[in-house]
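Okay, so here's the structure we're looking at.
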Amino acid sequence: MNSISEIDWKVKSKVVNTLLENRNKLILVPLDSGLEAEVTKVCLEESCFVLKVWNRSSKPNIEQQFKLLKTLYDEGLPVSQPYGWGLDKEANSVLLMSFNGAAVTKINESKLISLAKILTSIHDFPLNCLEDTLFNKHDFINYFYSEIEEHEDIHLLIKQLVDISHMKQDKLIHGDYNLGNILEIEGRYTIIDWTNGQLGDPRYDIAWSIVLISIYVSQRYGDVYRSAFLSRYTKEEIELFEAIACLRWVLLNRIAVLPKGKETIARVQNILKNNVHLNETLI
Ligand SMILES: Nc1ncnc2c1ncn2[C@@H]1O[C@H](COP(=O)(O)OP(=O)(O)O)[C@@H](O)[C@H]1O
Ligand SMILES: [Mg+2]
């Protein structure tokens, strides 16, 4: 774990200065880290923060992520408050932000409806507030479907589906809205992990989150969560985007070891069987 004082801070708020002044009193606790970064809880007496260090292979632009978070936070979206960013001794990017609780685990219907509303508020975020802090538009297939060239069956189908979807990349999307990126503390939710935040099609963002809830929570809760979006989008367009999103899971499952429980594969097979655009031979 990096020592706070060994970071070359590029943007440093008062909080960073306070932590630096009290560096000998900090208590550091490693948190669940994913594939991309190491995450540590940093506490000074009663106040806790989170330091995320991108010390693996992925090298996202953290200056841009800091600005995005700051804008979203200042405009009232439920995201972590960013306090500073910089580079550690190995030139890995580092982001300091508020500590916002633990990832959502227990699900119920009203929670799902709240999470759907938050996702909608992200998609409704006015782009004029983002100015130059918002990024390029990525090529959808290249960005979300790595190594797809080696999987011709998925590649052919995804191209067809994207073609008929009339995808529009004109709204802020989170890019990986899943329960691991939604934290909860005292009934308040915070959306973290904005590395994939970009201009995109809200229907993809929604569909990816429906597919993950259907796979990792249950089909019933997937159905409840989906219903919260049907006042804005038709069943048909959500089904098409769920096919697109589910193909991403199937591709990732071919190229990496994904978390799986006893029922995971059966649930994916169920989606493949019931979605009009998919079939069970894909898995
Ligand atoms: N602001 C935060 N407050 C509390 N815990 C956090 C915060 N940011 C990250 N974490 C913890 O670290 C885990 C991984 O963080 P995340 O930003 O999602 O990284 P990854 O890119 O590895 O998915 C989260 O699931 C959460 O448990
Ligand atoms: Mg994450």
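Have a look at ILE173, ILE148 and point out the one that is touching a residue at least 40 places away in the same chain (Cβ under 8 Å), in the same structural domain as TYR216 (by TED's automatic domain parsing), of a type outside the set (Gly, Ala, Ser) and more than 26 Å from THR71 (Cβ to Cβ). Reasoning before the result, please.
Working: ILE173 fails: more than 26 Å from THR71 (Cβ to Cβ).
ILE148 is the lone residue from the list that is touching a residue at least 40 places away in the same chain (Cβ under 8 Å), in the same structural domain as TYR216 (by TED's automatic domain parsing), of a type outside the set (Gly, Ala, Ser) and more than 26 Å from THR71 (Cβ to Cβ).
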*Using beta carbons and a limit of 8 Å, which pairs, at least six apart or on different chains, have the first residue in segment 27-38 and within 16 Å of THR195 (Cβ to Cβ) and part of a strand (DSSP E or B) and the second one among the β-branched types (Val, Ile, Thr) and more than 9 Å from ligand 1 (Cβ to nearest atom)?*
GLU38/VAL53
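Looking at ILE62, ILE27 in this structure, which one is at pLDDT 95 or above, outside the structural domain of TYR189 (by TED's automatic domain parsing), hydrophobic (A, V, I, L, M, F, W, C) and within 13 Å of ligand 1 (Cβ to nearest atom)? Spell out the reasoning first.
On the way: ILE27 fails: within 13 Å of ligand 1 (Cβ to nearest atom).
Within the list ILE62, ILE27, the selection yields ILE62.
Which helices (runs of 4 or more DSSP H) sit wholly inside segment 100-198 and have at least 3 residues that are among the β-branched types (Val, Ile, Thr)?
Working: elements: 109-123, 140-144, 152-165.
Counting at least 3 such residues, we get 109-123, 152-165.
Each row is one residue, and each column tells you yes or no for (1) under 30 Å from SER5 (Cβ atoms); (2) at pLDDT 95 or above; (3) surrounded by fewer than 16 Cβ atoms within 10 Å (Cβ to Cβ); (4) within 16 Å of ligand 1 (Cβ to nearest atom).
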| residue | (1), (2), (3), (4) |
| --- | --- |
| TRP85 | yes, yes, no, yes |
| ASN92 | yes, yes, no, yes |
| ASN100 | yes, yes, no, yes |
| ASN108 | no, yes, yes, no |
| HIS123 | no, yes, no, no |
| ASP132 | no, no, yes, no |
| TYR145 | no, yes, no, no |
*Test each condition in (1) within 26 Å of SER214 (Cβ to Cβ); (2) outside the structural domain of LEU199 (by TED's automatic domain parsing) for LEU112 and report the one that comes out false.*
(2)
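The values are calculated or read from the model by the stated rules, or taken from the named source; none is laboratory data. The model shown is predicted, which means the values in this text are computed figures rather than measured ones. Positions of Cβ are backbone-derived with ideal geometry, glycine not excepted, and every protein chain shown enters the neighbour counts.
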